[in-house]
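The structure appears below as structure tokens.
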Amino acid sequence: MEALIHTPFGEIAALLVLAASVGLLGTALRQPLIVSFIAVGLLAGPSGLDVVRSNDQIDLLAELGIAVLLFLVGIKLDVKLIRTLGPVALATGLGQVAFTSIFGYLLGLGLGLNPVTSLYVAVALTFSSTIIIVKLLSDKREIDALHGQIALGFLIVQDLVVVLAMIVLSAIGIGTAEGHGGGDILGVLASGLGLVALVMLFVRYAATPLTERLARAPELLVIFAVAQAALFAAIGDFIGLGKEVGGLLAGISLASTPYREAIAARLAPLRDFLLLFFFIALGTALDLSLLGANLPAALVFSLFVLIGNPLIVLAIMGAMGYRKRTGFLAGLTVAQISEFSLIFIAMGVALGHVEPEALGLVTLVGLVTIALSTYMITYSHQLYAWCEPLLGIFERRGTPRERGTEEGPIGRRPEVILFGLGRFGAAIAVRLQRRGVRVLGVDFNPQAVRRCRGLGIDTRYGDATDPEFLAELPLAGARWLVSTTPSHATGVTHDDPRATLIQLARSAGCGGRIAVTAHRTEDTEALLALGADLVIEPFQDAADRAVELLAGADLEERIEIPAIETEQRPAP
């Protein structure tokens, strides 16, 4: 058995089995795979089972994984979203980066780190994981919420800072790695500018027609994308900028093509597979004794990231006129460091700027912050309810930035208050209004609010799970409260938004009937037991209506509801 595992193929097979097993356990604990993969590296490394022997093969796969990861970051760099959100994305993004860098550096000096290591660690702490945040917000259906869109905006700002930091680091490394002089640095920078010019020419003349031709065979388009990432990474490494910068430029070269979303979607599983080997290589290189020695400093830095980063975002957004709730929910998304933090420190170790102990320190901070922030984001609304009494200082009177989105032109008291203005909810609102029923629509997607307001529906921007917001609504005179936003979790749990709405609405004095939506028949009984008067099952109801039409019932006038046009970054 030992001989089997210590063949390269058998070793890779054993690592994959171990990764699947640990990943399954991590999923049960609601942890991102990054935490599980690093744990796999620790288990498989010399401090654990000591099964890793094929270091060259694993390092090669890890380097290709980093190139694909940076390629996908480059292909997703969407500066349009920053312009759409206005100054809040830049203010929160740059403000958080500046705050974390400055105070992280001072904190590192205070903990006894040398100036260079303190600087590296401080910069590494500024990066938040786009992959984790987008995944968690998507699972909670909060990508389109105002705080979700703001979070996406300052994540893009962080991505741009990553690009600049890696370019600067590569340029500095040329002059210090092997005693090269300033002439070599200038030569590398000139080569880098030449590579950027090549990317611009490729984007201008070749990117779109080439991808259009390749898209006729989707498999070939994927192979081309991987080849582009590997080629630019190799060129970047050859001229001294590093594989990371080369991978980023490869992604940017295809970011303007109409097929970038298809490429990103097809490469995401490959990225996750290859990154497994990066984290395995990282874990096997770590000495558990070094992690133990770094434990006090890691806990201090972890508290700084978990508390300091959200507070600075909350303070900046409060000063700009956003509600404390919006600032709090957006701030929680930066309460962790990312895979880029580890890549950044690993580059510093490779260049000889910092000792391997710094990589162990940042890795431990990553494990702690990623693990805890996952629960913080998952249970963000409950956490806000606990912290809300302490957050008044972060909210300006009147919250001018959100006044336009949360105050719709409410006239007479509504007979129906409808939460969720997607295609289904908007269709219900329009049909009720055409029958003379007064409707008030509520959604936490500002674009949905504006779209339905344009259809003549009274609207409010707000969250159905916010007790303060519900208390402001005219609940007493409404005959129906309707929620068209179903939960995609398995079963009806205590934190289900439908259960929360029922409880909060009754507590706020709602005397009317409550209707909620379910996509699974097994949820119906649970929701009725929680106090719902009606459970709408869209698929079953649509099937019943289709049978009526097919059986010859009169066809009522169809009202087409236009789809919501949104600019959002899909999950990587």
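The values are calculated or read from the model by the stated rules, or taken from the named source; none is laboratory data. Because the structure is a prediction, the values reported are computed rather than measured. Positions of Cβ are backbone-derived with ideal geometry, glycine not excepted, and every protein chain shown enters the neighbour counts.
Observations on the model:
- Failed condition for Thr333, given (1) within 19 Å of Leu107 (Cβ to Cβ); (2) modelled with pLDDT of 80 or more: (1)
- Every residue from segment 385-417 that is surrounded by 18 or more Cβ atoms within 10 Å (Cβ to Cβ), over 30 Å from Ala297 (Cβ atoms) and at pLDDT 70 or above: Glu395, Pro414, Val416, Ile417
- Only one of the listed residues (Thr465, Thr490) is modelled with pLDDT under 85, within 26 Å of the chain's Cα centre (by Cα), polar (S, T, N, Q) and surrounded by fewer than 16 Cβ atoms within 10 Å (Cβ to Cβ). That residue is Thr490.
- Restricting segment 144-167 to residues that are β-branched (Val, Ile, Thr) and modelled with pLDDT under 70 leaves a set whose member that is nearest to the chain's Cα centre (by Cα) is Val163.
- Among the residues of segment 430-438, at least one is assigned to a loop (DSSP other than H, G, I, E, B), in contact with a Pro (Cβ under 6 Å, 6 or more places away or on another chain), of a type outside the set (Phe, Trp, Tyr) and at pLDDT 80 or above.
- Qualifying residue in segment 278-285 (condition: at pLDDT 85 or above and either surrounded by fewer than 24 Cβ atoms within 10 Å (Cβ to Cβ) or under 21 Å from Pro32 (Cβ atoms) (or both)): no
- Condition met for Leu501 (under 30 Å from the mean Cα position of the chain (by Cα), under 15 Å from Trp480 (Cα atoms) and surrounded by 13 or more Cβ atoms within 10 Å (Cβ to Cβ)): yes
- The residues of segment 470-485 that are out of contact with any helix residue (DSSP H, G or I) (no Cβ under 8 Å at 6 or more places or on another chain) and in contact (Cβ under 8 Å) with a residue 60 or more places away in the chain, listed by number, are Pro474, Gly477, Ala478, Arg479, Trp480.
- Selection of segment 329-355 for residues being of a type in the set (Val, Ile, Thr) and within 24 Å of Leu311 (Cβ to Cβ) yields Thr333, Val334, Ile337.
- Among (1) at pLDDT below 85; (2) in a helix (DSSP H, G or I) - the single one Leu364 does not satisfy: (1)
- A Cβ distance below 8 Å, combined with a sequence gap of six or more or placement on separate chains, defines the contacts here; from segment 452-464, residues that are closer than 15 Å to Ala478 by Cβ reach no residue that is among the basic types (Lys, Arg) and surrounded by 22 or more Cβ atoms within 10 Å (Cβ to Cβ).
- Glu219 passes every criterion in (1) loosely packed, with under 14 Cβ neighbours inside 10 Å; (2) modelled with pLDDT of 85 or more; (3) within 28 Å of the chain's Cα centre (by Cα) apart from (2).
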